[in-house]
Amino acid sequence: VYAVEVSFNKEVEEVSETYTETPVYEENIPVITTDIIINRPYVDNNVKILKGFYDHKADEASQENSIIYYESTYMQNSSVAYGGVESFDVVSILDGKVIKITKDDLVGNVIEIEHDNNIISIYQSVDNIKVNVNDEIKQGQIIATSGKSSINKDLNSHLLFELIINNQISNPEDYFGKKVNTISE
């Protein structure tokens, strides 16, 4: 920011301008914050966790709630299953670009969105998909509704949500409400 000195001579009605090369302020101070917070993939306050992310460091009860039993096989859940209501809107956790939409025999319809800071969000078991591959998505935009999957038939309408950060599957619950710029590269 530079100062401009303007003087008026009332009798002649001339304007003379004097510019200074010295900045008035030595540093820039932001007037608004640009911190981006990671949101949940739903907005319905009645949605709850039905099956948690499997964490080998968690207590036994948490681990038990994060095991999936399918066709005589126990599997560790790499997502979080959200549900508890008949159906709910599924929204993007951040701005991003849809990179893949697929149909999977076990988890149903899948939407993958790539975000800044090496983050990928994966929305599984969704219905009524409202986006296409290569669409630019805004944070909070409705991308689908909750649906059903073969792997979790007993959950009824739900969302299986995975979060990949720096190429590592991560527990989404550890990141909701956090600033994107605090996630280390």
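Points worth noting:
- Order of exposure, largest accessible area first, which applies to Tyr69, Tyr54 with probe 1.4 Å: Tyr69, Tyr54
- Take every Cα pair under 8 Å whose residues are at least 6 apart in sequence, average their separation, divide by the length of segment 121-185, and the relative contact order is 32 percent.
- Pairs from Lys100/Lys153; Lys57/Lys103; Lys153/Lys178 whose Cα-Cα separation, in the structure shown, is over 30 Å: Lys57/Lys103; Lys153/Lys178
- Computed Rg/Rh of segment 119-185, alpha carbon atoms with Kirkwood Rh: 0.99
- Rg of the Cα atoms in segment 45-185, relative to 2.2 N^0.38 Å, amounts to 1.01.
- Taking the centroid of alpha carbons for each part, segment 109-165 and segment 57-93 are 15 Å apart.
- Within straight-line cross-link reach of Lys179, lysines at Cα separation under 24 Å, skipping those fewer than 8 residues along the same chain: Lys48, Lys97, Lys138
- Note on segment 65-106: Cα-only Rg and Dmax are 14.0, 39 Å.
The values are calculated or read from the model by the stated rules, or taken from the named source; none is laboratory data. Please read all numbers here as calculations on a predicted model, not as lab measurements. Surface accessibility is based on the protein's heavy atoms, side chains included, excluding ligands, DNA and RNA. Shrake-Rupley method; radii C 1.70, N 1.55, O 1.52, S 1.80 Å.
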